[in-house]
Amino acid sequence: MSTPGANTEATETHGHGDISTGVAAPTGSGDSNASATRITPGNALRPEDIALEVRSGLAKPTEDVAEYALRLGDDALILAQRLGHWISRAPELEEDVALGNIGLDQLGHARSFLTYAGGALGENGGAKTEDELAYFRREHEFRSAHLFEQPNSDFAVTIARQFVVSYYQFELYRRLAESKDATLAAIAAKAVKEVDYHRDHSAQWVLRLAGGTDESRKRMIHGLKLVWPYVGELFEDDALVTRLAESGAAVAPSSIREDFDRLTGEILAEAELEVPDMPAAPGGGRQGKHSEHLGYILAEMQVLAREYPGASW
Amino acid sequence: MAVQNLQSVPAELSPEELEAAAQRDADGQANFDRVMAEDSRIEPRDWMPADYRKSLLRQISQHAHSEIIGMQPEANWISRAPSLKRKAILMAKVQDEAGHGLYLYSAAETLGQSRDEMMDALIAGKARYSSIFNYPARTWADMGAIGWLVDGAAICNQVPLCRASYGPYGRAMVRVCKEESFHQRQGFEILLELANGTAEQKQMAQDAVNRWYAPALMMFGPPDDDSPNSRESMAWNIKRFSNDELRSRFVGMMVEQVRVLGLTLPDSEIRFNEDTKKWEHGPLDWNEFKEVLAGRGPCNAQRLERRREAHDDGAWVRESAAAYAAKQVNKQKEYAA
Ligand SMILES: [Fe+2]
Ligand SMILES: [Fe+2]
């Protein structure tokens, strides 16, 4: 879609097509908003920095914290893998850019969490790298929740998944930025700014699709129905998070449900949509019991790395 | 003044109006000639010859299409990138290309054609894009070879375009070129890593360079004696150097860089001609070039189909966004009333 009359200056229209939501705008989300093939100076918390801290022993997670970071890292990694598929396939060039940016942000968060988690997951007290964790773990060793594994399907389903994820992650990271674990806190503090834009992007699209045409409304309702069974798993506590929450290192997922319900509820109400009344699926991702989708995602993601074990790229 | 240059002239005009229009065209042409002579810039609201507009529109829209179709061979490897860092860089790169497409479509729109019209022409197979993107990206090393050779050739082509006489095009190219040099560097780094890796990795890199070398050289277009549009473009200060001149410079750059990589270029006839002070290369298969351009390349059908699919699948989303925007405007009007 074009904006006739608004384009007398080519250099001013980037990312501002009439349905772009500004995720791609220059004011957007952190370093991934720039060309990520560009080195961003002064960015203190790149995965490489965390890797350095882990290697030099400056940052070492407890076993519990490592397991927790693995969960958050896997969620973000699997979502990034899903979102990457949209690049070159989006409904609109602005969305190739926007979904690409969101995917890149998620991949950045994944790399940070996984690198940190790796600090306590090596043999004999050593470390594992982000790539060892991403490419050489088996399906049951992944800790992602089922929602992140759900297929892209059509744009409405992707937006519905983004809507739930971004509101969940925002509430999570906002609190995790206060973690007593300094590295988790730093990763979350950086991530929450980016996820704020993801929230805006998804909310704008929920409103548009719900209020646009009959077809888009139907698809939006359907998309929300498809993803809603996987919402419950995100907010389940277990022994690990309870322990970590008590020590102030982690956020108990159950503690953010209320804010999630309220904030997503506001957007749904504005869109004149109902909160889907869908029975919750049992989940199990945190224990390595995954949806049928994860195996395919990993097969594709890991194939080349596994063809050349030990190679460097 | 040639009649074809009378622009935006309604069908029925009084003699006075006709005379005024002719005067406007004469003044416009004089201004245009002055701008060309001074090597300064034409802006969207300035008068310009119809052929200049047409030629620019063709060039900029083809360039935009190339950015968009060019996303596909690399998007093909995003899901399989062998490390998370490479995956991030590749995602960013392919996404940058979408951004380039956006700047360029916007620049083309200032010449009077909408992005929808250009996109329709592309999908209908009526518009051209750079032939190179009709070759398949078979291995991971192709991500290196594409960045190094294809983005490298694009830079050689595009840096002079930053001074193109049409303002919006030149400015779009400035932004594009900044990112392209990062693209080339990341391609070079991929190859460097492979070339210093296992024997198998090095072979993968060499194989990719072998496959992309000739198509990259052909990106500069046909030899000068067979390039009908070039002369006009140069007279209009759009193009600054001939196809062969740019190709020769590119070969010179690659000869140096391939040594650092520890790889070779698949061309035994590369040499520096001391008399002309130019780099020369072996013969290129222009027949193949014409075949691919005519639609008979390895991936032509696949690339177009993929673009069509994305466009068609997204139609309901664009319709929805347009409908929503219209409703918002109506609401505001009601509110104001
Ligand atoms: Fe580009
Ligand atoms: Fe590029």
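The values are calculated or read from the model by the stated rules, or taken from the named source; none is laboratory data. All figures in this text were calculated on a predicted structure; none of them were measured in a lab. When we count neighbours, we look across all protein chains shown, and the Cβ atoms used for this are built from the backbone with ideal geometry, even at glycine.
The listed residues are B:34, B:41, and the only one of them that is among the basic types (Lys, Arg), over 21 Å from residue A:297 (Cβ atoms), away from every other protein chain (no Cβ under 14 Å) and more than 16 Å from ligand 2 (Cβ to nearest atom) turns out to be B:34.
Exactly one of (1) within 7 Å of chain A (Cβ to nearest Cβ); (2) of a type outside the set (D, E, K, R); (3) within 16 Å of residue B:137 (Cα to Cα) is unmet by residue B:99. Its number? Tallying (1) within 7 Å of chain A (Cβ to nearest Cβ); (2) of a type outside the set (D, E, K, R); (3) within 16 Å of residue B:137 (Cα to Cα), residue B:99 fails exactly one: (3). Applying a threshold of 9 Å to beta carbon distances and a minimum spacing of six or more residues, or different chains, the list of pairs starting in segment A:82-109 at a residue that is free of Cβ contacts under 8 Å to residues at least 12 places away in the same chain and closer than 16 Å to residue B:307 by Cβ and ending at one that is surrounded by fewer than 24 Cβ atoms within 10 Å (Cβ to Cβ) and of a type in the set (Lys, Arg) reads A:88/B:306; A:88/B:307; A:89/B:306; A:96/A:89.
Output yes when any residue across segment A:232-242 is small (Gly, Ala, Ser), within 14 Å of chain B (Cβ to nearest Cβ) and in a helix (DSSP H, G or I), and no when none is.
If we filter segment A:232-242 for residues that are small (Gly, Ala, Ser), which is where we start, we get A:232, A:239.
Narrowing further to those that are within 14 Å of chain B (Cβ to nearest Cβ): none.
Looking for residues that are small (Gly, Ala, Ser), within 14 Å of chain B (Cβ to nearest Cβ) and in a helix (DSSP H, G or I), one finds none in segment A:232-242, hence no.
Within segment A:188-209, residues that are modelled with pLDDT under 95 reach no partner that is surrounded by fewer than 19 Cβ atoms within 10 Å (Cβ to Cβ) and part of a helix (DSSP H, G or I) with beta carbons closer than 7 Å at six or more positions or on different chains. Is it the case that segment A:261-270 has a residue that's assigned to a helix (DSSP H, G or I), within 14 Å of chain B (Cβ to nearest Cβ) and either closer than 25 Å to residue A:74 by Cβ or in contact with a helix residue (DSSP H, G or I) (Cβ under 8 Å, 6 or more places away or on another chain) (or both)? Checked against the condition, which is being assigned to a helix (DSSP H, G or I), within 14 Å of chain B (Cβ to nearest Cβ) and either closer than 25 Å to residue A:74 by Cβ or in contact with a helix residue (DSSP H, G or I) (Cβ under 8 Å, 6 or more places away or on another chain) (or both), segment A:261-270 yields at least one hit.
Looking only at residues in segment B:72-111 that are under 15 Å from residue B:62 (Cβ atoms) and in contact with a strand residue (DSSP E or B) (Cβ under 9 Å, 6 or more places away or on another chain), the one that is nearest to ligand 2 (Cβ to nearest atom) is B:107. For segment B:87-104, give me each residue that is farther than 14 Å from residue B:71 by Cβ and away from ligand 1 (no atom under 11 Å from the Cβ). Listed by number, the residues that qualify are B:87, B:88, B:89. The residue that is farthest from the other protein chains (Cβ to nearest Cβ), among those in segment B:166-193 that are acidic (Asp, Glu) and more than 14 Å from ligand 1 (Cβ to nearest atom), is B:189. With respect to being within 14 Å of chain B (Cβ to nearest Cβ) and in a helix (DSSP H, G or I), residue A:80 fits the description.
Among the residues of segment B:286-310 satisfying the criterion of being within 8 Å of chain A (Cβ to nearest Cβ) and crowded, with 16+ Cβ neighbours inside 10 Å, which is farthest from residue A:215 (Cα to Cα)? Write out each step before concluding.
Residues of segment B:286-310 within 8 Å of chain A (Cβ to nearest Cβ): B:306, B:309-310.
Next, from what is left, pick out any that are crowded, with 16+ Cβ neighbours inside 10 Å: B:306, B:310.
Details: B:306: 23, B:310: 18 Å.
Only one residue fits best here, namely B:306.
In segment B:146-165 there is at least one residue matching the filter, namely being within 12 Å of chain A (Cβ to nearest Cβ), assigned to a helix (DSSP H, G or I) and in contact with a Phe, Trp or Tyr (Cβ under 8 Å, 6 or more places away or on another chain). One residue is enough: does segment A:93-112 have a residue meeting the conditions hydrophobic (A, V, I, L, M, F, W, C) and in contact with a Pro (Cβ under 6 Å, 6 or more places away or on another chain)? No, the conditions are met nowhere in segment A:93-112. Of all residues in segment A:106-119, at least one satisfies being more than 13 Å from the chain's Cα centre (by Cα), of a type in the set (A, V, I, L, M) and more than 10 Å from chain B (Cβ to nearest Cβ). Being away from ligand 2 (no atom under 16 Å from the Cβ), closer than 30 Å to residue B:302 by Cβ and surrounded by 20 or more Cβ atoms within 10 Å (Cβ to Cβ) is the requirement here; does residue B:61 meet it? So residue B:61 fits the description; yes.
Applying the condition of being within 16 Å of ligand 2 (Cβ to nearest atom) and hydrophobic (A, V, I, L, M, F, W, C) to segment B:112-138 and asking which residue is farthest from the other protein chains (Cβ to nearest Cβ) yields B:132. Among the residues of segment B:71-80, is any buried (at least 23 other Cβ atoms within 10 Å of the Cβ), within 12 Å of ligand 1 (Cβ to nearest atom) and either within 7 Å of another protein chain (Cβ to nearest Cβ) or over 19 Å from residue B:185 (Cβ atoms) (or both)? For segment B:71-80, residues buried (at least 23 other Cβ atoms within 10 Å of the Cβ), within 12 Å of ligand 1 (Cβ to nearest atom) and either within 7 Å of another protein chain (Cβ to nearest Cβ) or over 19 Å from residue B:185 (Cβ atoms) (or both): present. If you check A:44, A:59, A:98, A:90 for being outside any loop (DSSP other than H, G, I, E, B) and either modelled with pLDDT of 95 or more or more than 14 Å from every other protein chain (Cβ to nearest Cβ) (or both), only one passes: A:98.
Give me the residue from segment A:277-306 that is more than 14 Å from chain B (Cβ to nearest Cβ) and more than 30 Å from residue A:221 (Cβ to Cβ) and, out of that set, surrounded by the most Cβ atoms within 10 Å (Cβ to Cβ). Selected residue: A:288. Of all the listed residues (B:143, B:218), the sole one being modelled with pLDDT of 95 or more, more than 23 Å from residue B:42 (Cα to Cα) and either among the β-branched types (Val, Ile, Thr) or more than 13 Å from ligand 2 (Cβ to nearest atom) (or both) is B:218. Of all residue pairs spaced 6 or more apart or on separate chains, those with beta-carbon atoms under 9 Å, a first member in segment B:86-115 that is among the polar types (S, T, N, Q) and a second member that is within 16 Å of ligand 2 (Cβ to nearest atom) and not in a helix (DSSP H, G or I) are B:95/A:35; B:95/A:36; B:95/A:87; B:106/A:14.
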